[in-house]
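The values are calculated or read from the model by the stated rules, or taken from the named source; none is laboratory data. Just so we're clear, the structure is a prediction, and the values are computed from it rather than from any experiment. All Cβ positions, even for glycine, are placed from backbone atoms using ideal geometry, and neighbour counts span all protein chains on display.
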Amino acid sequence: MSILHATHLVRSYHVRGGVFRAGSAIKAVDGVSLTLQANRTLGLVGESGSGKTTLARLLLGLERPTSGEVRFKDTPMPKPDSAAWRALRAKMQLVYQNPRAALDPRVSIVDSVREPLLVHDTGFVGDGPLRATAALESVGLGLEFYTKRPHELSGGQLQRAVLARAFVTLPEILVCDEPVSALDPSIQAQVIATLIEQQKRSHVSILFISHDLRVVRQVADEVAVMYLGRIVEQGPTERVLHAPRHPYTQALIAAVPVIGPRHTPRILLAGETPDPANPPQGCPFHPRCVQAQDRCRTDRPALRDVAGAGLVACHLVGHS
Ligand code: SF4
């Protein structure tokens with residue numbers, strides 16, 4: 001069952017100056033259609049600047065799309081900061097990369113975890129303290145942590161406190177934006193295990209944004225790969241990571257020290273992401289693609305359902 005569905009989402013920004021050409025428009029998200037299924041985890045991967053975070057903000061209604069539509073349980077997403085959106089907000093929580101920035105340094109951990117119950121209209125204000133302590137216990141932070149301040153916790157303990165804060169409102173959707181990127185690998189594993197455990201208990205639907213394919217493999221049922229504001233490949237995690245079809249996905253995976261049995265050609269990702277204010281004609285990946293052909297320089301490939309491969313946007317996939 002779909003809990004969040006986006007259709008043809010576009011988000012463009014007009015540029016006044018800086019590193020980009022003044023007066024130009026940047027499409028941070030360029031025609032994305034996507035579905036987050038209930039009680040499932042969708043991994044969103046791609047290089048920095050591919051549009052992942054902007055897409056997440058559009059999906060949660062934190063930003064209005066330039067065009068396109070987001071539906072929450074088949075109802076159009078209300079305008080940001082409208083009364084209807086604020087009523088929905090407690091059902092959609094965000095976890096960012098830096099847990100220290102997410103928690104007020106002057107406030108005790110238990111009060112930080114309780115705060116969303118006060119801010120959002122959850123109906124849980126009366127039993128807030130009980131809910132906050134239960135949420136902390138559920139992520140493995142016991143009584144000794146309740147009155148501590150953020151600076152007294154390690155990075156892993158802090159991120160677990162942030163998860164408790166996210167889960168205390170009983171959200172239906174959780175967006176995790178690079179939630180373990182700042183942590184050591186051993187601590188990453190603990191936080192990921194906590195997240196998976198919480199999902200089993202709560203049946204929350206998760207959009208998990210990461211550039212780390214090894215982490216995505218642990219948590220995601222399905223993976224969508226973004227390049228220059230577009231989805232270029234999407235499918236079940238094991239299929240995408242073990243038998244990627246799009247040359248960009250193949251290059252991303254080739255850059256990771258072996259993810260598993262390798263069926264992937266060794267394609268190295270050369271060059272920089274193109275200027276989004278001046279994207280290439282044709283396939284946006286063609287200047288970096290080792291398989292590019294003449295057609296790739298003029299014709300933009302559509303994201304198509306390819307038998308046995310999920311969704312792929314490449315002229316070479318699905319054609320004989
Ligand atoms: Fe490469 Fe062409 Fe496929 Fe784009 S359409 S990924 S340039 S082969």
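Looking for whichever is more than 11 Å from the ligand (Cβ to nearest atom), within 18 Å of the chain's Cα centre (by Cα) and either modelled with pLDDT under 90 or within 30 Å of THR169 (Cα to Cα) (or both) here; the options are VAL256, VAL240, VAL215. Which one fits? Walk me through how you get there before you give the answer.
Working: VAL256 fails: within 18 Å of the chain's Cα centre (by Cα); VAL240 fails: either modelled with pLDDT under 90 or within 30 Å of THR169 (Cα to Cα) (or both).
Step by step, each of VAL256, VAL240, VAL215 is checked, and only VAL215 is more than 11 Å from the ligand (Cβ to nearest atom), within 18 Å of the chain's Cα centre (by Cα) and either modelled with pLDDT under 90 or within 30 Å of THR169 (Cα to Cα) (or both).
When the residues of the stretch 259-277 are narrowed to those that are within 13 Å of the ligand (Cβ to nearest atom) and either under 22 Å from SER48 (Cα atoms) or buried (at least 17 other Cβ atoms within 10 Å of the Cβ) (or both), which ends up modelled with the lowest pLDDT?
The first filter runs over the stretch 259-277 and keeps only residues within 13 Å of the ligand (Cβ to nearest atom), leaving 265, 267, 269-271, 274.
Now narrow it down to the ones that are either under 22 Å from SER48 (Cα atoms) or buried (at least 17 other Cβ atoms within 10 Å of the Cβ) (or both): 267, 269-271, 274.
Values: ILE267: 63, LEU269: 74, ALA270: 73, GLY271: 74, PRO274: 82.
Per the stated criteria, the residue is ILE267.
How about the stretch 194-242: which strands (runs of 3 or more DSSP E) wholly inside it have at least 3 residues that are among the aliphatic types (A, V, I, L, M)? Break it down into steps so the answer makes sense when it comes.
On the way: elements: 205-209, 222-227, 230-236.
Qualifying strands (runs of 3 or more DSSP E): 205-209, 222-227.
Between a first residue in the stretch 237-250 that is closer than 17 Å to ASP221 by Cβ and buried (at least 24 other Cβ atoms within 10 Å of the Cβ) and a second residue that is at pLDDT below 95 and of a type in the set (D, E, K, R), which pairs have beta carbons less than 6 Å apart while being 6 or more apart in sequence or on different chains?
LEU241/ARG217
Select from the stretch 304-320 the residues that are of a type in the set (A, V, I, L, M) and at pLDDT below 95 and write down the one among them that is farthest from PRO247 (Cα to Cα).
Filtering the stretch 304-320 down to residues of a type in the set (A, V, I, L, M) leaves 306-307, 309, 311-313, 316-317.
Okay, now just the ones that are also at pLDDT below 95, so 306-307, 309, 316-317.
Details: VAL306: 15, ALA307: 17, ALA309: 13, LEU316: 9, VAL317: 10 Å.
If we take residues in the stretch 304-320 being of a type in the set (A, V, I, L, M) and at pLDDT below 95, then ALA307 is farthest from PRO247 (Cα to Cα).
Name the residue that is modelled with the lowest pLDDT, counting only residues in the stretch 87-136 that are charged (D, E, K, R) and assigned to a loop (DSSP other than H, G, I, E, B). Before the answer, list the steps.
Looking only at the stretch 87-136, we keep the residues that are charged (D, E, K, R), and these are 89, 91, 100, 104, 106, 111, 114-115, 121, 127, 131.
Cutting the leftovers down to assigned to a loop (DSSP other than H, G, I, E, B) gives us 91, 104, 106, 121, 127.
Numbers: LYS91: 92, ASP104: 93, ARG106: 95, ASP121: 67, ASP127: 81.
Checked the stretch 87-136; the qualifying residue modelled with the lowest pLDDT is ASP121.
I'd like the full set of residues that are surrounded by fewer than 14 Cβ atoms within 10 Å (Cβ to Cβ), under 21 Å from ALA28 (Cα atoms) and either within 8 Å of the ligand (Cβ to nearest atom) or modelled with pLDDT under 90 (or both), limited to the stretch 278-296.
Taking the stretch 278-296 as the starting set, the residues that turn out to be surrounded by fewer than 14 Cβ atoms within 10 Å (Cβ to Cβ) are 278, 281, 290, 293-295.
When the remaining residues are screened for being under 21 Å from ALA28 (Cα atoms), the result is 278, 281.
Of everything in the stretch 278-296, just one residue is surrounded by fewer than 14 Cβ atoms within 10 Å (Cβ to Cβ), under 21 Å from ALA28 (Cα atoms) and either within 8 Å of the ligand (Cβ to nearest atom) or modelled with pLDDT under 90 (or both), namely ASN278.
Is there any pair with a first residue in the stretch 39-58 that is assigned to a helix (DSSP H, G or I) and a second that is of a type in the set (Lys, Arg) whose Cβ atoms are under 7 Å apart and which are 6 or more apart or on different chains, and what are they?
Note: pairs meeting the criteria are THR54/ARG11; LEU58/ARG11.
Of the residues that sit in the stretch 301-316 and are part of a loop (DSSP other than H, G, I, E, B) and surrounded by 16 or more Cβ atoms within 10 Å (Cβ to Cβ), which one is farthest from the ligand (Cβ to nearest atom)?
Initially, the stretch 301-316 is screened for residues part of a loop (DSSP other than H, G, I, E, B), giving 301-303, 307-309, 313-316.
Among the residues that remain, those that are also surrounded by 16 or more Cβ atoms within 10 Å (Cβ to Cβ) are: 301, 303, 309, 313-316.
Numbers: PRO301: 5, LEU303: 11, ALA309: 13, ALA313: 7, CYS314: 3, HIS315: 4, LEU316: 5 Å.
Going through the qualifying residues, I end up with ALA309.
What's the number of the only condition in (1) part of a loop (DSSP other than H, G, I, E, B); (2) at pLDDT 90 or above; (3) in contact with a helix residue (DSSP H, G or I) (Cβ under 7 Å, 6 or more places away or on another chain) that PRO171 fails to meet?
(3)
Can you give me the number of residues within the stretch 174-190 that are in contact with a Gly (Cβ under 6 Å, 6 or more places away or on another chain) and part of a helix (DSSP H, G or I)? Steps first, answer last, please.
First, the residues of the stretch 174-190 that are in contact with a Gly (Cβ under 6 Å, 6 or more places away or on another chain): 183, 187, 190.
Still in the running and part of a helix (DSSP H, G or I): 187, 190.
Selection size over the stretch 174-190: 2.
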